[in-house]
Amino acid sequence: MSDMSNEKSTGELLEIIREQSSFGSAHDMIRSEQITETLSELLNRTAAERGAKLSDIMKRSGLKKAYFYSLFNGTRTNPARDILIQLCFGFEMSFEEAQSFLTSTGAAPLYPRIPRDSVLIYCFQHLLTLTESDILLLENNESPLSKE
């Protein structure tokens, strides 16, 4: 991925795609801005950057051991959005970090007009744990992230 300070905005990338007469020329212009990192690479890089132990991330995420490690080793590559959100809790991400993480994985970011997402936004902004977040979700008649 390119240096964040030199990255074009999403709007700029959309404009480039719109203005070009062929996808090939548009792709040549935006290729360096595109996400090419696999989920496994992203997860391992994020853990390394945070200096976090995988066992701690796993506990905070509430994911089962085999499933958790299958994401990190690349065996599983397309988890549901709720799993990705659980990983955000595992990494103890801020709201902004969680939004960026979700977007980087191709998942929809949290959207405040969706009732369940608004609860999750509150949870990230107030640094709640996964358990605390599940309780708040249930109190607001929304399905918890943890299925157990």
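The values are calculated or read from the model by the stated rules, or taken from the named source; none is laboratory data. Because the structure is predicted, anything quoted here is derived from the model rather than measured. Every residue, glycine as well, gets a Cβ built from its backbone with ideal geometry; the counts of neighbours run over all protein chains shown. Note: areas computed on protein heavy atoms with side chains; ligands, DNA, RNA excluded. Shrake-Rupley method; radii C 1.70, N 1.55, O 1.52, S 1.80 Å.
Across 58, 29, the residue with the most accessible area heads the list, and the full order at a 1.4 Å probe is 29, 58.
Given the -39500 (n - 2.57) contribution per DSSP H run of 4+ residues, what per-residue ellipticity at 222 nm results for the chain, rounded to the nearest 500 deg cm²/dmol? Write out the running numbers ahead of the final one.
Working: 9 runs with 87 residues, N = 148.
About -17000 deg cm²/dmol.
Only alpha carbons enter this Debye calculation for region 53-109, each as an equal point scatterer, and the log10 of I(q)/I(0) it gives at q = 0.15, 0.20, 0.26 Å⁻¹ is -0.38, -0.68, -1.11.
Determine the gain in length on full extension of the stretch residue 55-residue 96; use 0.36 nm per residue of separation and subtract their C-alpha separation, reporting nm with one decimal.
Details: separation 41, 0.36 × 41 = 14.76 nm, distance 2.38 nm.
Between residue 55 and residue 96, full extension yields an extra 12.4 nm.
List the relative contact order of region 23-148 as a percent without decimals, with contacts defined as Cα pairs under 8 Å and 6+ residues apart. Rounded, it is 21 percent for region 23-148. With every protein chain in place, what's the accessible area of residue 59 (1.4 Å probe, Å², nearest 10)? So the heavy atoms of residue 59 present about 150 Å² to solvent.
Hey, what angle do you get for helix 95-104 against the long axis of the chain, alpha-carbon based, 0 to 90 degrees rounded to 10? Approximately 50 degrees, to the nearest 10.
Please give the helix 115-125 orientation as an angle from the longest Cα principal axis of the chain, in degrees from 0 to 90, rounded to the nearest 10. Once rounded, the angle reads 90 degrees.
In this Cβ point-charge picture (+1 for Lys and Arg, -1 for Asp and Glu), the chain has a dipole of about 580 debye about its Cα centre.
Normalised Debye scattering of region 108-147 at q = 0.34 Å⁻¹ gives log10 I(q)/I(0) of -1.24, counting only Cα atoms as equal scatterers and leaving out solvent.
Relative to the longest principal axis of the Cα atoms of the chain, helix 10-19 runs at roughly 30 degrees.
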